[in-house]
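Following: one structure in structure tokens, then a few remarks.
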Amino acid sequence: MTADAQTGDGQQTLALLHTQLSMLVTALWFEIDHRDGSAASGFFTPDAELTFSRRTFRGTDEINGVYSDRAARGPRVSRHLTSDFHILRQEADLVEAVSVLVLYAQDGEPPIPTTVPVLVADVSDRFVRVGEAEGEARRWLIASRRIENRFLLPGDVLAVPTE
């Protein structure tokens with residue numbers, strides 16, 4: 001983070017950046033929860049890496065595959081709840097951030113009889129700003145996402161490959 005983040009203008013800029021990136025993260029989880037992730041790869045750069053525990057998917061084709069494979073297995077109810085979004089590093093067109101993910105999920109149709117989350121994880125994101133300053137609108141995308149399980153119910157199988 002730059003030193004000007006301590007000034008009034010810097011804090012306002014940081015607050016706007018925090019809001020923009022939080023909205024991007026929330027929109028991605030909404031896409032996954034309500035549309036089976038069919039457009040999830042649109043939140044990532046073409047060469048992005050998406051890592052679940054020890055399994056990494058590279059590029060939007062592999063990321064599309066993760067969510068299309070999940071959807072092909074049948075109905076699933078999921079709610080990805082995020083909190084504690086924190087910017088760790090900020091540069092002009094690069095931001096590194098971490099947040100907490102709590103996941104309630106189970107295969108089947110709603111309502112699902114469950115009361116405990118299947119996963120609590122740290123999510124580390126590296127965002128890059130893409131687009132031309134004078135052409136295409138500039139926007140933030142995820143260049144790298146790593147989901148590290150902190151709590152996982154014994155015997156639970158997540159909907160995405162983790163190994």
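The values are calculated or read from the model by the stated rules, or taken from the named source; none is laboratory data. None of the values given here were measured: they were computed from a predicted structure. Positions of Cβ are backbone-derived with ideal geometry, glycine not excepted, and every protein chain shown enters the neighbour counts. The accessibility values were calculated without ligands, DNA or RNA, using every heavy atom of the protein model including side chains. Shrake-Rupley method; radii C 1.70, N 1.55, O 1.52, S 1.80 Å.
Nonpolar atom fraction for the chain, defined as the carbon and sulfur part of the 1.4 Å probe accessible area, stands at 53 percent.
Evaluated at q = 0.12, 0.13, 0.18, 0.19 Å⁻¹, a Debye calculation over the C-alpha positions of segment 66-124 (equal weights, vacuum) places log10 I(q)/I(0) at -0.43, -0.49, -0.75, -0.79. As a size descriptor, the averaged projected area of the C-alpha convex hull of segment 1-95 was calculated at 7.2 nm². Relative contact order for the chain: 22 percent, from Cα pairs under 8 Å spaced at least 6 residues apart, divided by residue count. Taking label points 7 Å from Cα along the Cα-to-Cβ direction, D69 and M23 give a separation of 3.4 nm.
Remark: segment 27-44, residue by residue, has Karplus-estimated 3J(HN,Hα) of 5, 5, 5, 4, 4, 6, 6, 10, 9, 6, x, 4, 10, 4, 5, x, 8, 10 Hz, where x stands for each Gly or Pro and the curve is 6.51 cos²θ - 1.76 cosθ + 1.60 at θ = phi - 60°. Taking Cβ atoms as reference points and 10 Å as the exclusive limit, the residues near L94 contribute a net charge of 0, counting Lys and Arg as +1 and Asp and Glu as -1. Compute the whole-percent fraction of alpha carbon pairs in the chain spaced more than 27 Å apart. Distances greater than 27 Å cover 27 percent of the Cα pairs.
With Cβ to Cβ distances under 12 Å as the rule, what net charge do the other residues near R146 carry (K, R +1; D, E -1)?
-1
Taking each residue as 0.36 nm, the span from Q106 to D9 lengthens on full extension beyond its C-alpha to C-alpha distance by 30.4 nm. Among I112, I147, I63, the residue with the largest mean-square fluctuation in a Gaussian network model of the chain, with springs joining Cα atoms closer than 10 Å, is I112.
Considering only protein heavy atoms, what per residue accessible area in square angstrom results for the chain with a 1.4 angstrom probe?
Per-residue value: 57 Å².
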